[in-house]
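Trainee: Take this structure, written in structure tokens, and hold onto it; I'll ask about it next.
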Amino acid sequence: MSISVRNLSKHYDKQRAVDSISFEAKPGRILGFLGPNGAGKSTTMRMLTGYLEPTSGDAEISGKNILTSAIEAKKQIGYLPENTPVYTEMYVKEFLRFIGQTYQLKNLPARVDEVIKMVGLTPEQHKKIGMLSKGYRQRVGLAQAIIHNPAVLILDEPTSGLDPNQLVDIRALIKELGKNKTVVISTHIMQEVEAICDDVIIINKGKIVANDTLTGIKQTHSQHSLEEIFRTLTA
């Protein structure tokens, strides 16, 4: 398993933001991580990527424990946080070279050009990031997440705020990346899950309330739409 989570919890005083969850994510499959606002999605992703220390439990990324082998685990991860934090004063290529240097990548100029083409940034590659539309900034965020060719991609609301054309392009890119990586995508857009996910986890109030393949969840709930199933499980 590329991601293995066991009894992972995060408590803030008496509030249990994430409450002893366990799951696995497999290579070559896209896992949709769903839940209403405040359910614990982003908190879980921050723990998986080592940005947030859990209260208890542990997580392994490609066999490396995120707490005890943090640097080795993080090398396996490409992370796109919510709201795409990027340096807006930097140029696209400059920013991606900077990220690539932190990973000590060889043949960096060639890799930067390859990733720019992969995410569809070619027309905007010579601009400052601050001049880009939200859709193109999102592509920059994806480019920095994949530049070191990680085995695991963790994407928090990667299509939030995109227009319909941008949605189609970014979803197609994520689908393509998911063919040979483990991808976890946090979203509350059911159409997105239907379009690109193989497996689904639904979290509500810090607890997992469903964990199955997309087909399996629908069969369990008598072929109701995913939106209806989501509403029922998170009511």
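Trainee: Would you please name the residue that is farthest from the chain's Cα centre (by Cα), looking only at residues in region 182-216 that are acidic (Asp, Glu) and part of a helix (DSSP H, G or I)?
Mentor: Applying the filter and picking the extreme gives 194.
Trainee: On the basis of being free of Cβ contacts under 8 Å to residues at least 60 places away in the same chain and either within 17 Å of the chain's Cα centre (by Cα) or crowded, with 17+ Cβ neighbours inside 10 Å (or both), does residue 53 make the cut?
Mentor: no
Trainee: On the given criteria, is residue 8 touching a residue at least 24 places away in the same chain (Cβ under 8 Å), more than 27 Å from residue 176 (Cα to Cα) and of a type in the set (A, V, I, L, M)?
Mentor: For residue 8, the condition - touching a residue at least 24 places away in the same chain (Cβ under 8 Å), more than 27 Å from residue 176 (Cα to Cα) and of a type in the set (A, V, I, L, M) - is met.
Trainee: Turning to a different aspect of this structure: Take region 1-38 and flag every residue that is in a strand (DSSP E or B), aliphatic (A, V, I, L, M) and farther than 20 Å from residue 188 by Cα.
Mentor: Once the filter is applied, which keeps residues that are in a strand (DSSP E or B), aliphatic (A, V, I, L, M) and farther than 20 Å from residue 188 by Cα, region 1-38 yields 3, 5, 8.
Trainee: Oh, and also: Name the residue that is surrounded by the fewest Cβ atoms within 10 Å (Cβ to Cβ), counting only residues in region 166-193 that are at pLDDT below 90 and acidic (Asp, Glu).
Mentor: Result: 169.
Trainee: Follow-up question, since we're still on this one. In region 10-43, which residues are polar (S, T, N, Q) and closer than 13 Å to residue 205 by Cβ?
Mentor: Correct list: 15, 20, 37, 43.
Trainee: I'd like the residue in region 96-123 that is more than 18 Å from residue 158 (Cβ to Cβ) and touching a residue at least 24 places away in the same chain (Cβ under 8 Å) and, out of all such residues, is surrounded by the most Cβ atoms within 10 Å (Cβ to Cβ).
Mentor: 112
Trainee: Can you tell me which residue among 21, 66, 61 is without any contact (Cβ under 8 Å) to a residue 40 or more places away in the chain and either crowded, with 18+ Cβ neighbours inside 10 Å or among the hydroxyl-bearing types (Ser, Thr, Tyr) (or both)?
Mentor: Being without any contact (Cβ under 8 Å) to a residue 40 or more places away in the chain and either crowded, with 18+ Cβ neighbours inside 10 Å or among the hydroxyl-bearing types (Ser, Thr, Tyr) (or both) holds for just one of 21, 66, 61, which is 66.
The values are calculated or read from the model by the stated rules, or taken from the named source; none is laboratory data. All values derive from a computational prediction rather than experimental measurement. Counting neighbours? That spans all protein chains shown, and the Cβs are built from the backbone with ideal geometry, glycine included.
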